[in-house]
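Let me begin by presenting the structure, written as structure tokens, before commenting on it.
The values are calculated or read from the model by the stated rules, or taken from the named source; none is laboratory data. Since the structure is predicted, the reported quantities are computational estimates derived from the model, not experimental observations. No Cβ is skipped: glycine too gets one built from the backbone with ideal geometry, and neighbour counts run over all protein chains shown.
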Amino acid sequence: MDDELRDRVEQAARKHALFNALKHGGSADVGAVMGPLMGEHPEFRPHGDEIPGIVAGVVASVNKLDDDQQRDRLAQLEPALLEEFDAPDAEDEEPLPELPNADTVEQVRMRLAPNPNAPYHLGHARMPAVIGSYKERYDGWMLCRFDDTDPETKRPQLGAYDAIIDDIEYLGFTPDEVIIASDRLEIYYEHARALIDEAGAYTCACPAETFSQLKAEGTACPHREKSIETVREEFDRMVDGDVAAGELVLRVRTDLEQPNPALRDWVAFRIVETPHPREVAQGYRCWPMLDFQSAIDDHLTEVTHIIRGIDLQDSARRQQYIYDRFDWTYPEVIHWGHVEVDEYGIPLSASKIAALIEAGELDGWDDPRAPTIASLRRRGIQGAAITDAMVELGTSTSNVELAMSWIYSRNRELIDESADRYFLVLDPVAFDIADPPDAGSPPVHPEFPERGTRDLPTHDGVLIERDDQPALDERVWLKGLGCVTRQGESLEMTDDEIDVVRDGSVPVIHWVPAADNHPVELRRPEGNDAGIAEAGIADTDTGEVVQFERIGFARIDQQGSPTVAFFSHR
């Protein structure tokens, strides 16, 4: 990043940091600054690895100011933001708006409705993050309902049920109840029969193309006026398995003058010959469409508020026919736009990710290149970082883009204190050191001296990065060891004190012992790196997140020779 761009980042970050500090008692948060900064300046996104460090420096300087100084600086930089802060209730602003009519219900009850055809990708995280946050805010109730009534085109995967629950819990929430739609077929049949008895549904034998034309014209299907007894008998035949796929469907009777053809006499049940993968459901062939199944379940589980994509507005209108027919009160509905993620070249699509896995282009759902919860978890990204970022997106009806740098910034705050430091050299060059100390002693964590130091022997020389090797007579500071200068093909200790680092005349580099070390494979989304780390890395626990100094955070995935670590972020 050049100096001009750095100055622009600092200037833009400063106003957001000042505003955030005033909102939170004088203490700004890096993650909270990253969101509006990257949203306002998409041109910064190619430098997402570097920007959090710059923002952290700006936040640190802002947090040293007292309240009056913060107000004065913000007034100079961005008077409109100060006016926004001083506006009534500005300090109580929440990224999530109030739920409509939440004060009129005894308990706010919301549901997640995942399709268990695959584990969660990153876009799926928005729903549990937001609904879980609303549950906490209103002391409400949250259901996880697996919508698995399509055994063919969105075929459920048996491992996905538990994987999705694990993902929800990783994001920080536990459903109050879990139900599976394929366990509830008899409930849906019961309500279908009640709807038939109310003349609210009929069986239709029209070919799909024929009915599409009738629907477009607003013309009644010839089967629409069947007697209730005939419809009941034919529906029972569907349930009993005496009807072939495509021979009959059950349609909800709606208004043929409805302006939107998609709402005219929509299908509630159809025959699917493909057996369901769950053993408990394998005997069924008559399956409800999602709009019918969801309407029944939302009512029976007393859901008060539904969040769904804006592309599903017709679903709410279809379901309203069911609610009106049974004289039920429909829940409040919030529609939101889609979320896109800036970093991945892979679409947020379960089917497309599954196809890449099937083709061998991805190693699995937790491949570091995959935009999935499993992948981020394996890389050491905390669920709370994902949740915080998703909540900050709010519930706008517009499509929104999530910058991964936002998640990384928040994750850095969550893991920095606990992540011990280690050296890792990726492109090693060996040097002897003339008359070195017995060992270097870099701190386990520079901010927590009580954790002690790591003893790194030097008697057999050191390995440093090829790009870090000094020219003849040039000095570098080996972190935790001291200042050396290059003489020929070896290094010699000098008498320089740490002041040469503070005044910027000597660069600080990392290193590992040339003999007492351990191999590491660092797996990144863009490819794998082989390197040499200090020997202590072999003693870390699987699942532990560490920081490889000057490289970034990583999660220890597997111990052995080499240790396998998944790169998190800088």
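Of the residues that make up the stretch 169-184, is at least one of a type in the set (Asp, Glu) and buried (at least 19 other Cβ atoms within 10 Å of the Cβ)? Even if it seems obvious, please write down each step before you answer.
Going through the stretch 169-184, the residues of a type in the set (Asp, Glu) turn out to be 169, 176-177, 183.
Pick out the ones that are also buried (at least 19 other Cβ atoms within 10 Å of the Cβ) and you get none.
There is no residue in the stretch 169-184 that is of a type in the set (Asp, Glu) and buried (at least 19 other Cβ atoms within 10 Å of the Cβ).
Specify which of the listed residues (Thr104, Thr149) is hydroxyl-bearing (Ser, Thr, Tyr) and either over 30 Å from His276 (Cα atoms) or outside the structural domain of Val280 (by TED's automatic domain parsing) (or both).
Thr104
With respect to Ile271, is the statement that it is under 30 Å from Leu248 (Cβ atoms) and in contact with a strand residue (DSSP E or B) (Cβ under 8 Å, 6 or more places away or on another chain) true?
So Ile271 passes the test.
Going residue by residue through the stretch 536-543, is there one that turns out to be touching a Phe, Trp or Tyr at 6+ places or on another chain (Cβ under 7 Å), in contact (Cβ under 8 Å) with a residue 40 or more places away in the chain and within 28 Å of Gly48 (Cβ to Cβ)? Give the derivation first.
The initial filter retains those residues of the stretch 536-543 that are touching a Phe, Trp or Tyr at 6+ places or on another chain (Cβ under 7 Å), namely 536-537.
Going one step further and asking which of them are in contact (Cβ under 8 Å) with a residue 40 or more places away in the chain, we end up with 536-537.
Now drop any that are not within 28 Å of Gly48 (Cβ to Cβ), which leaves 537.
Yes - at least one qualifying residue is present in the stretch 536-543.
Can you tell me which residues in the stretch 397-419 are closer than 17 Å to Ala13 by Cα and basic (Lys, Arg)?
Arg410, the sole residue that qualifies.
Applying the selection to the stretch 253-284, what residues are among the aromatic types (Phe, Trp, Tyr) and not in a strand (DSSP E or B)? It would help to see each step written out before you state the result.
Going through the stretch 253-284, the residues among the aromatic types (Phe, Trp, Tyr) turn out to be 266, 269, 284.
Listed by number, the residues that qualify are Trp266, Tyr284.
From the list Pro97, Pro151, which one is more than 29 Å from Ser351 (Cα to Cα), part of a loop (DSSP other than H, G, I, E, B) and not β-branched (Val, Ile, Thr)? Break it down stepwise before answering.
Working: Pro151 fails: more than 29 Å from Ser351 (Cα to Cα).
None of the other options fit; the residue is Pro97.
Tell me which of these Ser568 doesn't satisfy, since it passes every other one: (1) surrounded by fewer than 20 Cβ atoms within 10 Å (Cβ to Cβ); (2) hydroxyl-bearing (Ser, Thr, Tyr); (3) part of a strand (DSSP E or B).
Going through the list (1) surrounded by fewer than 20 Cβ atoms within 10 Å (Cβ to Cβ); (2) hydroxyl-bearing (Ser, Thr, Tyr); (3) part of a strand (DSSP E or B), Ser568 breaks only (1).
Yes/no matrix, rows are residues, columns are (1) among the polar types (S, T, N, Q); (2) over 30 Å from Leu376 (Cα atoms); (3) out of contact with any strand residue (DSSP E or B) (no Cβ under 6 Å at 6 or more places or on another chain):
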site	(1), (2), (3)
Leu171	no, no, yes
Glu186	no, yes, yes
Leu195	no, yes, no
Phe211	no, yes, yes
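Out of curiosity, is Gln70 modelled with pLDDT of 80 or more, in a helix (DSSP H, G or I) and exposed (fewer than 12 other Cβ atoms within 10 Å of the Cβ)?
Numbers: modelled with pLDDT of 80 or more: yes; in a helix (DSSP H, G or I): yes; exposed (fewer than 12 other Cβ atoms within 10 Å of the Cβ): no.
Spelling it out, it is not the case that Gln70 is modelled with pLDDT of 80 or more, in a helix (DSSP H, G or I) and exposed (fewer than 12 other Cβ atoms within 10 Å of the Cβ).
Could you tell me whether Ala374 is out of contact with any helix residue (DSSP H, G or I) (no Cβ under 6 Å at 6 or more places or on another chain), surrounded by fewer than 22 Cβ atoms within 10 Å (Cβ to Cβ) and not in a loop (DSSP other than H, G, I, E, B)? First the steps, then the outcome.
Details: out of contact with any helix residue (DSSP H, G or I) (no Cβ under 6 Å at 6 or more places or on another chain): yes; surrounded by fewer than 22 Cβ atoms within 10 Å (Cβ to Cβ): yes; not in a loop (DSSP other than H, G, I, E, B): yes.
Judged against the criteria, Ala374 is a match.
Could you tell me whether the stretch 226-244 includes any residue that is surrounded by fewer than 19 Cβ atoms within 10 Å (Cβ to Cβ) and under 36 Å from the mean Cα position of the chain (by Cα)?
Taking every residue of the stretch 226-244 in turn, none turns out to be surrounded by fewer than 19 Cβ atoms within 10 Å (Cβ to Cβ) and under 36 Å from the mean Cα position of the chain (by Cα).
Quick check on the stretch 524-554: of everything there that is buried (at least 22 other Cβ atoms within 10 Å of the Cβ) and not aliphatic (A, V, I, L, M), which residue is farthest from the chain's Cα centre (by Cα)?
Within the stretch 524-554, the match that is farthest from the chain's Cα centre (by Cα) is Glu534.
Let me confirm something: among Gly360, Gly380, which residue is modelled with pLDDT of 95 or more, in a loop (DSSP other than H, G, I, E, B) and touching a Lys or Arg at 6+ places or on another chain (Cβ under 7 Å)?
Gly380
Quick check: is even one residue across the stretch 493-513 among the aromatic types (Phe, Trp, Tyr), modelled with pLDDT of 95 or more and on the phi < 0 side of the Ramachandran plot?
Checking the stretch 493-513: at least one residue is among the aromatic types (Phe, Trp, Tyr), modelled with pLDDT of 95 or more and on the phi < 0 side of the Ramachandran plot.
Would you check which residues across the stretch 237-252 are of a type outside the set (Val, Ile, Thr), outside any loop (DSSP other than H, G, I, E, B) and in contact (Cβ under 8 Å) with a residue 40 or more places away in the chain and list them?
Met238, Leu250, Arg251
Only residues that are within 30 Å of the chain's Cα centre (by Cα), in a helix (DSSP H, G or I), modelled with pLDDT of 95 or more and among the hydrophobic types (A, V, I, L, M, F, W, C): list them for the stretch 314-353, please.
Residue satisfying the conditions is Ile353 alone.
For the condition of a type in the set (A, V, I, L, M), buried (at least 20 other Cβ atoms within 10 Å of the Cβ) and in contact with a helix residue (DSSP H, G or I) (Cβ under 8 Å, 6 or more places away or on another chain), what is the one hit in Ala56, Ala118? Even if it seems obvious, please write down each step before you answer.
Numbers: Ala56 fails: buried (at least 20 other Cβ atoms within 10 Å of the Cβ).
Result of the check over Ala56, Ala118: Ala118.
If you scan the stretch 418-454, which residues turn out to be loosely packed, with under 13 Cβ neighbours inside 10 Å, assigned to a loop (DSSP other than H, G, I, E, B) and at pLDDT 95 or above?
Once the filter is applied, which keeps residues that are loosely packed, with under 13 Cβ neighbours inside 10 Å, assigned to a loop (DSSP other than H, G, I, E, B) and at pLDDT 95 or above, the stretch 418-454 yields Ser418, Gly452.
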